[in-house]
Amino acid sequence: MAVLSLATMQPTSHLEDSMTDSGMPTTGQEMSLSPPTAIYDGPRLRMQGISKSFGAVRALNNVDFEVYAGEVVGLVGDNGAGKSTLIKAISGVGPCDEGEIFLEGQPVKITNPQIATRLGIETVYQDLALCDNLDVVSNLFLGREENTPFGTLNEMAMERRGLEVLHTLDVKLPSVRAIVSTLSGGQRQSIAVAKAILRKAKVVLLDEPTAALGVAQTRQVLQLIRRLREQGLAVVVISHNLADVFEVVDRVIVMRLGRRVATFDTASTTPEQVVAAITGAEFGTILQTDGANGNGAIEGNKL
Ligand SMILES: Nc1ncnc2c1ncn2[C@@H]1O[C@H](COP(=O)(O)OP(=O)(O)OP(=O)(O)O)[C@@H](O)[C@H]1O
Ligand SMILES: [Mg+2]
């Protein structure tokens, strides 16, 4: 897999003073820094040296992270490892204290969730922010409704577009006019993901998407994740369920005590290896991270 082309070529530090409201650098700066003919093949999203503390607790300690377009990365680790904190740093819910974030090679400052949305970064939580009393279409277009030339809601257009996206994702629902409270957990999860697609997301973050789901619903959500990958999105999935992880994920990034301690290609890894990295069992008590160092690699002390 190609690694860090433009992202590492660009001088970034002086750009940070010139971010626009959207979190992106100003156009003039962008023009002067991006080689116009180069095709960017680095990570869609890259984080470098991310640290975050809550009082005395160092929840993230110099973490590097990267996910490519058309890739599903599994973010795993024990309770309190720092997974949600890392996701919150990307989604703008809990910006990091230190470190840099690059979207398609360009440095971005994600200081609130609105900026993340504008940049095409969508987060889907297990406790979904759907409105139970509204139907599927209303939920899909909440906050970005389409209007007719007369200023009324264009229900037909929204329904058509909603159906199109749900069909692309192969989501099965009784009706797009069904009230969301009547749907199953898996169906609700699917609607939240479809919403992300409708917002033209580039990166989708899923925090424990199958934790509360039954077998059939879990299958549906895993299938959905595959569809997101097929559509070229960069997908990050937090999960405690290694069976799910191995079924759908291309790469696993393991966190422990606020550090990234290992990276694995799922195709050439066993769940036991991942469990060992999660617990630190085989690798002594102190693991260090130096960020990504290739696939199937334990980052730190090789005992
Ligand atoms: N808002 C907060 N205030 C104080 N400490 C926090 C806060 N959020 C997280 N932490 C601490 O940061 C560390 C990492 O927490 P985080 O929620 O990122 O873990 P996690 O890997 O998502 O765990 P889990 O698998 O249990 O969801 C923990 O020690 C946690 O107690
Ligand atoms: Mg968590």
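Any read-out appearing in this document is the output of simple, stated calculations on the displayed coordinates, not a laboratory observation. Keep in mind the model is a prediction, meaning the values are calculated, not measured. Because the Cβ atoms are built from the backbone with ideal geometry, glycine has one as well, and the counts that use them run over all protein chains shown.
With the convex hull constructed from alpha-carbon coordinates only, segment 60-134 shows a mean projected area of 6.4 nm² over all directions.
Summarised as an ellipsoid, segment 31-187 has semi-axes of 34, 22, 15 Å, derived from the eigenvalues of the Cα gyration tensor scaled by 5 and square-rooted, with the largest first. By the rule of a C-alpha distance below 20 Å, with chain neighbours fewer than 8 residues away ignored, the lysines paired with K195 are K88, K172. Select from S138, L169, Q231 the residue farthest towards the positive end of the dipole of segment 106-250; place +1 on Cβ of Lys and Arg, -1 on Cβ of Asp and Glu, and compute about the Cα centre. Positive-end residue among those listed: Q231. Dividing the alpha-carbon radius of gyration of segment 170-293 by the rule-of-thumb value 2.2 N^0.38 Å gives 1.21.
Spin-label model, D41 to K172: label points 7 Å out along the Cα-to-beta-carbon direction sit 4.0 nm apart. Descending by average beta-carbon neighbour count within 10 Å, the peptides 84-90, 149-155 line up as 84-90, 149-155, the highest first.
Of the residues A81, G42, A59, the one whose Cα sits farthest towards the positive end of the charge dipole of segment 42-92 is A59 (charges of +1 on Lys and Arg Cβ, -1 on Asp and Glu Cβ, taken about the Cα centre).
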